[in-house]
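Participant: Provided herewith is a single structure, encoded as structure tokens, for subsequent inquiry.
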Amino acid sequence: MASTTETKQKKMLILKSADNDEFEIEESVGVQSETIKNLVEDGFTFVPLPNVYTKALIKIIDYLKKHANKTDSNDEEIKTFDKDFVNTTFDDLFELVSAANYLHISCLMNMLCQTIADRIKDKSPEAVRKIFHINCDYTPEEEAKIRKANAQAFEGQFDESLD
Amino acid sequence: MSDHIPNWLLPEILCMLLVESLLRFRCVSKQWYSLITSPHFISLFTSAASAPPLLLLPTSPPNLRKKKTMLLASQEMEAYDPERREFKDLDIHGWSESFFLRKYVESLVLLDGSSGAKVDPSIASESEEATEL
């Protein structure tokens, strides 16, 4: 009986993704996002998120649900969840970091930025260009000049892989 | 769906890298170069919790100026001798156009080689050398 009453009292929010999918979540889960929290405080229960696509939103809702239930005893479980959460492609991580930034979820932002940084730190500049979809705009001469000026930064073998 | 990271989010990621990676990534593109050497990024980098406190001084100290290179140093700021305006006993482990010191001590925020005046890093990076490739 008590649990039924509790369920009834739970305030719900609808989040709408950029591709028009709607997701119902508990308010207490949603307000971990500062962006959603501000809207809730202004009385909104329907939250359009024009910068967050469904694919990212599903993952982020999972993250918020998991982290909303943080207790002293499930620390390890959350760590495992987080590790699994970031174990994805760079393009997915970029999508997620943009969404987390828009939603102002700072702990998620930090985790994603740290993950990307850790995964690129030993990469070659060529691999970084491919990962970030950057066209090199240096002339070969300009690039050689930078490499020469920073010769020690280019000593050794770097990771050429793109994952 | 965009799989490109917005430019204004890049600093958030790059400030979590170590100096060694940043030096290498300056040759990724002109945009990355100007980002990594910008005053905004430098202050973000030095204040990032995950990074050791580092000071990027985009100009050379007087006694190194001739070499047209700068160094990557990890040593306490006591290594700077204000009387002689020289660095001593630096643990040099890399060369670059900029150099880094592990400890940030405000009284020793130099370094404009020509005047010897104390220069805030945000000002220093506007010097000629900082923008030069």
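Participant: Does a label point 7 Å from the Cα of A:Lys83, set along Cα-to-beta-carbon, have any residues of the range A:103-136 with amide nitrogen under 19 Å, and which are they?
Facilitator: Hits in the range A:103-136 for A:Lys83 at 19 Å: A:108, A:111-120.
Participant: Please report, as a whole percent, how much of the solvent-accessible surface of chain A comes from carbon and sulfur atoms (probe radius 1.4 Å).
Facilitator: Values: 4560 of 9260 Å².
Result for chain A: 49 percent of the exposed heavy-atom area is carbon or sulfur.
Participant: If you take the accessible area of A alone, add that of B alone, and subtract the area of the pair, what total do you get in Å², probe 1.4 Å, to the nearest 100?
Facilitator: Interface area, both chains combined: 3200 Å², rounded to the nearest 100.
Participant: What are the residues whose amide H is under 5 Å from the amide H of A:Asp137, where those residues sit 5 or more places off or on another chain and H is modelled from the backbone?
Facilitator: Residues meeting the criterion, in which the H sits 1.01 Å from N, are B:Lys30.
Participant: Which of the residues in the range A:130-145 lose at least 20 Å² of accessible area when you go from the chain alone to all protein chains together (probe 1.4 Å)?
Facilitator: Residues shielded by partner chains are A:Phe132, A:His133, A:Ile134, A:Asp137, A:Tyr138, A:Glu142, A:Lys145.
Participant: Of the options A:Ile105, A:Tyr63, A:Asn87, report the single residue whose Cα projects farthest towards the positive end of the charge dipole of the range A:62-126 (beta-carbon charges: Lys, Arg +1; Asp, Glu -1).
Facilitator: Of A:Ile105, A:Tyr63, A:Asn87, it is A:Ile105.
Participant: List, by residue number, every residue in the range B:8-50 with a reduction of 50 Å² or greater in accessible area between the chain on its own and the complete protein assembly, 1.4 Å probe.
Facilitator: For the range B:8-50, once contacts with the other chains are taken into account, B:Leu9, B:Ile13, B:Met16, B:Arg24, B:Phe25, B:Cys27, B:Val28, B:Lys30, B:Trp32 lose 50 Å² or more.
Participant: Can you give the % of DSSP beta bridges in chain A that are antiparallel, to the nearest 5? Mind dumping the intermediate values first?
Facilitator: Details: 5 of 9 bridges.
Of all bridge pairs located within chain A, approximately 55 percent are antiparallel.
Participant: Longer than 24 Å from Cα to Cα, which of A:Lys70/A:Lys121; A:Lys65/A:Lys123; A:Lys83/A:Lys121; A:Lys11/A:Lys83; A:Lys11/A:Lys65; A:Lys16/A:Lys65 are they? Say none if no pair is.
Facilitator: A:Lys70/A:Lys121; A:Lys65/A:Lys123; A:Lys11/A:Lys83
Participant: Hey, another quick one. Between A:Met12 and A:Glu142, 0.36 nm times their residue separation minus their Cα-Cα distance comes to what?
Facilitator: Additional length available on full extension: 41.2 nm.
Participant: Dipole size in debye (nearest 20) for chain A around its Cα centre, Lys and Arg Cβ +1, Asp and Glu Cβ -1?
Facilitator: Details: 20 positive and 31 negative charges, 39 e Å.
Dipole about the Cα centre, nearest 20: 180 debye.
Participant: Sticking with this one: What ranking of A:Asp84, A:Asp91 comes out by heavy-atom accessible area, probe 1.4 Å, highest first?
Facilitator: Listed by decreasing accessible area, they come as A:Asp84, A:Asp91.
Participant: Quick one: what are the phi-derived ³J(HN,Hα) couplings along the range B:15-24, Karplus 6.51/-1.76/1.60 with θ = phi - 60°, whole Hz, x for glycine and proline?
Facilitator: Result, ordered by residue: 6, 8, 8, 8, 3, 4, 5, 4, 4, 5 Hz.
Participant: Still on this structure, please answer the following. Taking amide H positions as placed 1.01 Å from N in the peptide plane, with prolines and chain starts having none, which residues 5 or more places from A:Lys123, or on another chain, fall under 5 Å of its amide H?
Facilitator: A:Asp159
Participant: Okay, next question. Once you place label points 7 Å from the Cα toward the Cβ at A:Asn135 and A:Glu24, how far apart are they in nm?
Facilitator: The answer from the label model is 4.9 nm.
Participant: Also, I was wondering about something else. Quick one: order A:Lys130, A:Lys123 from most to least accessible surface, probe 1.4 Å.
Facilitator: Most to least solvent-accessible, the answer reads A:Lys130, A:Lys123.
The values are calculated or read from the model by the stated rules, or taken from the named source; none is laboratory data. From a predicted model like this one, the values you see are computed outputs, not experimental measurements. Neighbour counts are summed over all protein chains in view; Cβ atoms, including those assigned to glycine, are modelled from backbone coordinates with ideal geometry. For the accessible areas, the whole protein counts, side chains as well, though only heavy atoms, and no ligand, DNA or RNA atoms are used. Shrake-Rupley method; radii C 1.70, N 1.55, O 1.52, S 1.80 Å.
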